[in-house]
1. Taking region 82-141 only, how many residues are assigned to a helix (DSSP H, G or I) and not aliphatic (A, V, I, L, M)?
2. Out of I207, I192, I need the residue that is of a type outside the set (D, E, K, R) and either in contact (Cβ under 8 Å) with a residue 12 or more places away in the chain or in contact with a Gly (Cβ under 6 Å, 6 or more places away or on another chain) (or both). Which one?
3. What are the residues in region 78-104 that are of a type in the set (V, I, T) and free of Cβ contacts under 8 Å to residues at least 60 places away in the same chain, if any?
4. When the residues of region 254-303 are filtered to those that are in a helix (DSSP H, G or I) and β-branched (V, I, T), which remaining residue is nearest to V237 (Cα to Cα)?
5. Among the residues of region 9-24, what is the count of those that are open to solvent by less than 20 Å² (accessible area, probe 1.4 Å) and not in a loop (DSSP other than H, G, I, E, B)?
6. Mind counting the residues in region 284-342 that are open to solvent by 50 Å² or more (accessible area, probe 1.4 Å), hydroxyl-bearing (S, T, Y) and under 20 Å from D108 (Cβ atoms)?
7. Might you check whether a residue that is open to solvent by 60 Å² or more (accessible area, probe 1.4 Å) and either in contact with a strand residue (DSSP E or B) (Cβ under 7 Å, 6 or more places away or on another chain) or among the hydrophobic types (A, V, I, L, M, F, W, C) (or both) occurs anywhere in region 272-283?
8. Working only within region 145-191, note down all residues that are assigned to a loop (DSSP other than H, G, I, E, B), at pLDDT 95 or above and open to solvent by 40 Å² or more (accessible area, probe 1.4 Å).
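The values are calculated or read from the model by the stated rules, or taken from the named source; none is laboratory data. These numbers come from a predicted model, not from an experiment. Cβ placement follows ideal geometry from the backbone for every residue including glycine, while neighbour counts extend to all protein chains displayed. Ligands, DNA and RNA are excluded from the accessible area calculation, which covers all protein heavy atoms including side chains. Shrake-Rupley method; radii C 1.70, N 1.55, O 1.52, S 1.80 Å.
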Amino acid sequence: MNIREHYEQLEQQILSPYAVKSAESKGRKCEEEKDPIRTEFQRDRDRIVHTKAFRRLKHKTQVFIDPEEDHYRTRLTHTLEVSQIARTIARALRLNEDLTEAIALGHDLGHTPFGHVGETALDEVLREFVPDARFHHAEQSLRVVDHIENKGKGLNLTWEVRNGILHHSKGKEDLGIDLRGPATLEGKVVRIADRIAYINHDIDDSIRAGLISDSDLPEECTKVLGHRYSERIASMVIDVVTASAGRNSISISESHRHAMNCLKDFLFERVYGVDHHGIVELREAGEKLKELFRYYMSHPEELSGASGEDLADIPTRARAACDFIAGMTDRYAQRAFKLLAGNS
């Protein structure tokens, strides 16, 4: 028995009956020889961490564009915080921590520069050329691991990791008992951990930016969740674990669901939806992304990694432009804006 087989045996003994066992994965699109040391989900995690897309997350906006400030979250630090919160919940519930970590580390690989403003801009400009098409970062994340990374060959990840990446996003949805979304409990854990992470770190960054103060947070939320950053995260994590323990579902209590939705709505009203400097700068960057997309649609020869004959039809060209722009870091996109301004 090799190390991997020994670990798979331990999973059968230790993990919850509701956890996904590595040896019972639905597998990969292309079958591969098993690794003698790592389980299937450990291999997926390692493949994700070594991608170029993962490294680029360190230079992609979470909420605030401020390259001179060291302490604001980026898309990479957000990903790491989601991973840590999700792993804590998964371990407490005896779920597959390796699967959970792989989904968490891969969930935002397809995110655009400039955060959700960039995502919205790319979605809108794409439909100028292909009205029935949509751009969503979760679908793009799956496209990254399936088709873009590894020189266009993809990573050949397991079905469970791919499913979790595709279905991680909630948008502004209520976090009640989720009957949709990921097929595994591990994927559902990442879905909730994503909300826990961004609510709390966006509050923390907004306080750092001087947009809000601790005293601005709605009292109905802080009574339930606490006043301090770490206190709120601990409260949310403990509540998810308590509400989900021994069950074939991932849940939160009604009091915490209401408090988390309250904080989410507060952020949309007081941070994301207010014309402060950071948001105005993001919106301007979003409009420039649209201009960049239109430019590449007229100059497909400048689309990196795509050949001219691949771009003969408009939908294929538009997809290539999405792939190229979504893969950009903030600073790469800003350099492209300057070049575009010089050519206009």
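1. Pass one, region 82-141, residues assigned to a helix (DSSP H, G or I): 82-92, 97-106, 115-129, 137-141.
Next, only the ones that are not aliphatic (A, V, I, L, M) stay: 83-84, 87-88, 91, 97-98, 100-101, 106, 115-116, 118-120, 123-124, 127-129, 137, 139-141.
Counting residues in region 82-141 that are assigned to a helix (DSSP H, G or I) and not aliphatic (A, V, I, L, M) gives 24.
2. On the way: I207 fails: either in contact (Cβ under 8 Å) with a residue 12 or more places away in the chain or in contact with a Gly (Cβ under 6 Å, 6 or more places away or on another chain) (or both).
It is I192.
3. Initial filter on region 78-104 (of a type in the set (V, I, T)): 79, 82, 85, 88-89, 100, 103.
The one that is of a type in the set (V, I, T) and free of Cβ contacts under 8 Å to residues at least 60 places away in the same chain: T79.
4. As a first pass, look at region 254-303 and keep what is in a helix (DSSP H, G or I): 254-272, 277-298, 300-302.
Restricting the remaining residues to those that are β-branched (V, I, T) gives 271, 279-280.
On the way: V271: 24, I279: 30, V280: 33 Å.
So the residue we want is V271.
5. Of region 9-24, the ones open to solvent by less than 20 Å² (accessible area, probe 1.4 Å) are 11, 16, 19, 21-22.
Applying the additional criterion that residues be not in a loop (DSSP other than H, G, I, E, B) yields 11, 22.
Selection size over region 9-24: 2.
6. As a first pass, look at region 284-342 and keep what is open to solvent by 50 Å² or more (accessible area, probe 1.4 Å): 284, 287-288, 291, 294, 298-299, 301-302, 304-305, 308-310, 312-316, 319, 331-332, 334-335, 338-339, 341-342.
Now drop any that are not hydroxyl-bearing (S, T, Y), which leaves 298, 304, 316, 332.
Remaining after also requiring under 20 Å from D108 (Cβ atoms): 332.
Summing the residues that are open to solvent by 50 Å² or more (accessible area, probe 1.4 Å), hydroxyl-bearing (S, T, Y) and under 20 Å from D108 (Cβ atoms) in region 284-342 gives 1.
7. No, because not a single residue in region 272-283 is open to solvent by 60 Å² or more (accessible area, probe 1.4 Å) and either in contact with a strand residue (DSSP E or B) (Cβ under 7 Å, 6 or more places away or on another chain) or among the hydrophobic types (A, V, I, L, M, F, W, C) (or both).
8. Within region 145-191, N150, K153, A183 qualify.
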